[in-house]
Amino acid sequence: MTSRTRVLLVDDHALCRSGLTELMEHRGDMTVVGATGDPAQVVSMLREQQPDLMVLDLRLATTDGLSLLRMVRAEGIDTPVVILTMSDSEDDMSAALRAGVLGYLLKDMEPEAVIEAISRAARGEMVVASAMTLKLAQILQSGPKGSVKGDLVALLTEREREVLDHVARCQSNKVIAKALDISHNTVKLHVRHIMDKLNLRSRVEAAVFAFEYRSSPDGIKAAGAAAQKADS
């Protein structure tokens, strides 16, 4: 029997929490291990429940979701996060993606679409509300295109290029670790080195970097090989 995806819900609207819980439990492949509207409880709940995914509202009564996410990351907790919000602001989505979230969904989506997107995110996919795809394209186009030189690829090790391939496909560290048969902490270390070497600030910028090279699964490796050959 396949294990269920464990989800933590953080939303200060009780009706939203109860509705999402019912829909997820009914689906059969997800279970809600915790639900709260109190940001002060989130870190302890993450540590105690160790969910596979956190669904986080962008606007909470006492703080904003991204401030809470930064606090969670500062505690060394890297649980993948999907934002579920009423905000269709490009600035909000840009800030969320640059904070490293795995998805940005809108509360006015059809409930079934929300649950399906959360399920995909739990499998390591990046998910964005269909109403936000044009804004996502604009965010990517305004990213660091042209600011990253092709020969920077030569600075990456072969393993780092492999990890970047997976990051570019918006996969979580957990998924990458399984795909490459390495530890979760090793993936985190590789990602940190990639960001440092390529002067990138987020996983979204890593995806933009890959798009510059029209990265098919082997695109970055090929670009790296070409750059290394040019230096030899």
One residue from A137, A121 being modelled with pLDDT of 80 or more and out of contact with any Lys or Arg (no Cβ under 9 Å at 6 or more places or on another chain):
A121
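Each row is one residue, and each column tells you yes or no for (1) in contact with a His (Cβ under 6 Å, 6 or more places away or on another chain); (2) part of a strand (DSSP E or B); (3) modelled with pLDDT of 95 or more; (4) more than 15 Å from I115 (Cβ to Cβ).
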{"site": "G19", "(1), (2), (3), (4)": "no, no, no, no"}
{"site": "V33", "(1), (2), (3), (4)": "no, yes, yes, yes"}
{"site": "V42", "(1), (2), (3), (4)": "no, no, yes, yes"}
{"site": "E48", "(1), (2), (3), (4)": "no, no, yes, yes"}
{"site": "M54", "(1), (2), (3), (4)": "no, yes, yes, yes"}
Can you tell me how many residues in the stretch 54-105 are among the hydroxyl-bearing types (S, T, Y) and buried (at least 16 other Cβ atoms within 10 Å of the Cβ)?
5
How many residues are over 13 Å from the mean Cα position of the chain (by Cα), polar (S, T, N, Q) and within 18 Å of G103 (Cβ to Cβ) if we restrict to the stretch 62-85?
1
Count - residues of the stretch 6-53 that are surrounded by fewer than 20 Cβ atoms within 10 Å (Cβ to Cβ), over 18 Å from M71 (Cα atoms) and of a type in the set (V, I, T):
3
Applying the selection to the stretch 1-17, what residues are in a helix (DSSP H, G or I) and free of Cβ contacts under 8 Å to residues at least 12 places away in the same chain?
L15
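The values are calculated or read from the model by the stated rules, or taken from the named source; none is laboratory data. Just so we're clear, the structure is a prediction, and the values are computed from it rather than from any experiment. Don't worry about glycine lacking a Cβ; one is built from the backbone with ideal geometry, like all the others, and counts go over all protein chains shown.
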